[in-house]
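Below: one structure, written as structure tokens.
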Amino acid sequence: MTRPPFETLSVEVHGLGLHVRQRHAEGSPAVVFLHGWLDHGHGFDTLVEHLPDTWRLVVFDFRGMGRSAWLPRPGHYQLGDCLVDLEAVLRATGLAQAHLVGHSLGGIIATMYAAARPEHVRSLSLIESLGPTGGPPENALPRLRGFLQDLEREPNRKRYPSVEAAAARLRENNPGLPEAAALHLARHGTEPLPERDGGGVAFTFDPTHRRRFAQGYDDAQWLAVSSGVRCPVQLVLGSTGHRMEEARAEARLAALRLARPPIVIPGGHHVHLEQPEAVARALVDFITP
């Protein structure tokens, strides 16, 4: 059976163009996918192939990542920018309500949005995402200093001789990432550089994203945000994925009031790329009425 194709949309938010893809605009339920830091929406490609054809799927790239536009120079990104992007996409696609699926950073943004706009979120599926690691309140001042220090550094966009070399770099950062998954991320997350600049490829994300934020959530603030989520929540973890201290994790789980115990699937931080069918099954079981 031929699956409905994805259509590509461009959504403008405050003068920036966001790269959005949608499948089955008349389908139901509506599910919006939010990718991780420095990743892009194509990281969900293998996962969505295991979801029902009848679902409406929306995938987009946050500003300065994937195929979405960069901020003009000089500019710097903050966490709240991603909330603006998500709200713009929901409005542009006419979605008054949607199920949110977020990986890592995408899960943080999905949680923030579900707390701030509970009327728009039907459920929350978090993949390897229990919130930011802002730490205690005394981290606030060092964070501000780090932000100002980073402004003095010119963003460095690294060149790679080939897509395969870029994929190898991804696997250095995520050793458990399968080679095929790394190549898929690199193919969709790089672009060729002009021969006058030495050729090769570079990742499409804006290197300014590597600068530290000026503000961040400490643990107490994040618990307050998480406690504001009113929709059903599920957590999907990779067996060898990222973990935080047990007491910290338990406090965050309690604040979220999960609809069912966390689902642990063999794999790492990108478990949705390593085990797309298993993660899709968790989504279907949770989202289907």
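Numbers below:
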read-out: Rounded to 5, percent antiparallel among DSSP beta bridges of segment 13-76; value: 55 percent
read-out: Unit Cα scatterers, Debye sum, segment 140-182: log10 I(q)/I(0) for q = 0.25 Å⁻¹; value: -0.78
read-out: Å³ per residue enclosed by the Cα convex hull of segment 1-139; value: 114 Å³
read-out: FRET efficiency for Asp53 and Arg196, using Cβ-Cβ distance with R0 set to 41 Å, rounded to 0.05; value: 0.35
read-out: Relative contact order [Cα under 8 Å, 6+ residues apart], the chain, whole percent; value: 20 percent
read-out: Taking only Cα atoms of segment 118-227, radius of gyration then Dmax in Å; value: 18.4, 53
read-out: Label-point separation in nm, Glu246 to Arg187, each point 7 Å along Cα→Cβ; value: 4.3 nm
read-out: Alpha carbon convex hull of segment 77-132, volume per residue in cubic angstrom; value: 71 Å³
read-out: Spatial separation of Cα centroids for segment 187-240 and segment 38-104, in angstrom; value: 11 Å
read-out: Ranked by how many other beta carbons lie within 10 Å on average, peptides 248-257, 58-67 from highest; value: 58-67, 248-257
read-out: Relative contact order of segment 80-123, pairs being alpha-carbon contacts under 8 Å that are 6 or more residues apart, as %; value: 43 percent
read-out: Whole-number percent relative contact order across segment 116-213, with pairs defined as alpha carbons under 8 Å at least 6 apart; value: 30 percent
read-out: Segment 198-289: radius of gyration over Cα atoms, expressed as a fraction of 2.2 N^0.38 Å; value: 1.39
read-out: Heavy atoms of Ile108 accessible to a 1.4 Å probe, total area in Å² rounded to 10; value: 20 Å²
read-out: Heavy atoms of Thr204 accessible to a 1.4 Å probe, total area in Å² rounded to 10; value: 10 Å²
read-out: Protection proxy ranking of 275-284, 213-222, 98-107 - average other beta-carbon atoms within 10 Å, highest first; value: 98-107, 275-284, 213-222
read-out: Two-site FRET efficiency, Leu144 against Val84, from Cβ-Cβ distance with R₀ of 25 Å, rounded to 0.05; value: 0.65
read-out: Cβ crowding within 10 Å averaged over residues, with 14-27, 134-147 ranked highest first; value: 14-27, 134-147
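The values are calculated or read from the model by the stated rules, or taken from the named source; none is laboratory data. Worth saying up front: this structure is predicted, and the values here are computed from it rather than measured. In this analysis, Cβ positions are derived from the backbone assuming ideal geometry, glycine residues included, and neighbour counts consider all displayed protein chains. Ligands, DNA and RNA are stripped out before the accessible areas are found, and what is left, the full protein with its side chains, is counted by its heavy atoms. Shrake-Rupley method; radii C 1.70, N 1.55, O 1.52, S 1.80 Å.
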